[in-house]
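Structure first, commentary second.
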Amino acid sequence: MALWKKLVLSLIVLVIVAVGAAVQAVVGWRAVLFGPKARALTERTFEATPERLERGDYLVNAVHGCVACHSERDWDAPGAPVKARPGAGTDWAFHGLPWLVASNITPDPETGIGNVSDDALARAIREGIGFDGRALFPIMPWPEYRRIPDEDLGAIIVYLRSLDPVRNELPRTSLPFPLSQIMKSLPVPLDAPVPAPGLSTPVERGEYLLRTAACHHCHTPQDSQGRFLTPLDMAGGFVLESPVGAAAATNLTPHATGLLYDEAGFLLVMRTGQAGAAEMSPVMPWAYYRSMTDEDLKAIYAYLRTLEPVKHVVNNTEPPTPCAVCGIEHGGGSRNGD
């Protein structure tokens, strides 16, 4: 074999060994060899009641956005509402993630959840374990959904089973390596009941709603490894792709460069999708959040007012430029220099 071929082969082997060692260091051999940690499924079921159905409708469509992510959306209409088959699933190529698929969550027995047990659904929603035992990519915010109490979880499952069944066979999410291995280390089983959270004040209620609605997943910038920049919690700058163009999430901290609305103004924006004279990008799913009650929206606003103020200009009417604060190229980024 020619010397250069031997060198190339040696380099390939070294790269494979190095990547394997790195994955093992991050994930651990147990997860690599046996998959994510998962508890055994039980016979638990949730009885369908009118109260659960009503509560589940509200949680799925207004708070947690399940149908918004698991459906094809009409990007030409204001707010990009769901098309005619809610919950039938879709790929996320429109967000620049062609390998990610939001599964069919209608009760179709062959391509949806019709033959999936209540506890398998519960485990997927709150513990990040797919029906086939794989770890779910946390853009499905199961780490936040872990806080959903058992009764609300039951309401969600009851409502999902009430959707019109749609036969829609989709490919499975196929994460690129090494992400496919790293995900295996994330799920942690829930082995105890999850009680209702203490929400005695509007701020407590707002914090719970904001986190379990995963608002911070978009409004908190991330580094190149997908880790949240926690000092910039809710300070915006994260750029999301869509069929109608990219948009950066705005700064919602109580700084002069961030949340400028009073409570009434905040509710008006959330109800109408109009931020002053500008229409919000449908990447921000206001068409779903608009259905929250006044009490819940006011609680979210109350919590936002308690956040650490962060000076961070994010303006989608300006061209994208590099930002010294978040390290992301977004509208108004250059105005964040020293």
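The values are calculated or read from the model by the stated rules, or taken from the named source; none is laboratory data. As the structure is a computational prediction, the values presented were derived from the model and not from experiment. Don't worry about glycine lacking a Cβ; one is built from the backbone with ideal geometry, like all the others, and counts go over all protein chains shown. Surface accessibility is based on the protein's heavy atoms, side chains included, excluding ligands, DNA and RNA. Shrake-Rupley method; radii C 1.70, N 1.55, O 1.52, S 1.80 Å.
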Could you give every pair whose Cβ atoms fall below 6 Å, whose first residue belongs to region 218-245 and is in contact (Cβ under 8 Å) with a residue 40 or more places away in the chain and more than 23 Å from A256 (Cβ to Cβ), and whose second residue is open to solvent by less than 50 Å² (accessible area, probe 1.4 Å) and among the β-branched types (V, I, T), counting only separations of at least 6 or pairs across chains? L240/V283; S242/V283
Looking for whichever is in a helix (DSSP H, G or I), farther than 23 Å from C69 by Cβ and open to solvent by 50 Å² or more (accessible area, probe 1.4 Å) here; the options are L260, L268. Which one fits? L268
Hits in region 155-193 - residues which are at pLDDT 95 or above, touching a Leu at 6+ places or on another chain (Cβ under 9 Å) and open to solvent by less than 50 Å² (accessible area, probe 1.4 Å): A155, I156, I157, V158, Y159, L160
With of a type outside the set (S, T, Y), open to solvent by less than 10 Å² (accessible area, probe 1.4 Å) and touching a residue at least 24 places away in the same chain (Cβ under 8 Å) as the only criterion, which of D152, D119 stands out? D119
Going through (1) at pLDDT below 95; (2) touching a Pro at 6+ places or on another chain (Cβ under 7 Å); (3) in a loop (DSSP other than H, G, I, E, B) one by one, H217 fails only at (3)
In region 69-102, what residues are of a type in the set (A, V, I, L, M) and within 13 Å of I139 (Cβ to Cβ)? L97, L100, V101, A102
Which one is nearest to D296 (Cα to Cα), of the residues in region 209-235 that are open to solvent by less than 30 Å² (accessible area, probe 1.4 Å) and over 15 Å from the mean Cα position of the chain (by Cα)? A235
Determine if region 52-75 includes at least one residue that is outside any helix (DSSP H, G or I) and farther than 16 Å from Y288 by Cβ. no
Of everything in region 274-324 that's surrounded by 14 or more Cβ atoms within 10 Å (Cβ to Cβ) and among the β-branched types (V, I, T), which residue is modelled with the lowest pLDDT? V283
Filtering region 90-112 for residues that are more than 25 Å from R211 (Cβ to Cβ), crowded, with 17+ Cβ neighbours inside 10 Å and modelled with pLDDT of 95 or more leaves a count of 6
